[in-house]
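Nothing in this text is a laboratory measurement; each read-out follows from the coordinates by a stated rule. Remember, it's a predicted structure, so these values are computed and weren't measured experimentally. Glycine also receives a Cβ, built like all others from the backbone with ideal geometry; neighbour counts cover every protein chain displayed.
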Amino acid sequence: MNGGARHGIGVPVGLLGAALICFAGSKGLNDMMREAQVFYGRGSAHTVTAAACTVLAAVAVAVLASARWVSPVAALLAGGVHLVLGGVVLVDLGTAMELYEAISVGEDAARSMVSAGASGFYLFVAAALLASAAVPHRWRSPASPAAPASPAAPASPAPHAPYAAPAPGPWGGRSPKDS
């Protein structure tokens, strides 16, 4: 796949990844905190679901940040979305709550997003994704398989220089132990 197509596919992958990380991560982290407060770490079916959501979000961050087949445009877009989601909390918490309520589905999702935004989760994810997109080698297309050698030009071994004897050292070719 050429670079233009790879980067073009990175746009929808980045936006879908941003949504997955945002909602699965915020729900997972918020529910894990709630379970820890209510059940004092004894666990329940909700704990397993919360942990699964958190792991799903972490895997999505890892794929966007490091997979060779994913364009860094995807990490750049997802990181930008999370920078906005986390940065709005720093500006004004009331505005952040209005934004989270506008983009979430349901009151529980909005509460989870407020918790994730206030805890710094979105800024953490943004920093990881934007840093991974800043690495220069990620912008190059993955290496294509090498073309077979042309039969017209057979490969010949490089000429080798004869091995030269080592020059005598300060002891006239003898080791210091011989003295």
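When the P(r) of region 29-102 is calculated, the portion above 18 Å amounts to 60% of the C-alpha pairs.
By the Kirkwood approach, averaging reciprocal distances over each pair of separate Cα atoms, region 1-138 gets a hydrodynamic radius of 15.4 Å.
Inter-part distance, region 126-140 to region 9-80, computed on C-alpha centroids, equals 18 Å. Multiplying the residue separation of Ala118 and Arg34 by 0.36 nm and removing their Cα-Cα distance gives an extension gain of 28.7 nm. Counted by Cβ distance under 11 Å from Ala52, the other residues give a net charge of 0, where Lys and Arg count +1 and Asp and Glu count -1.
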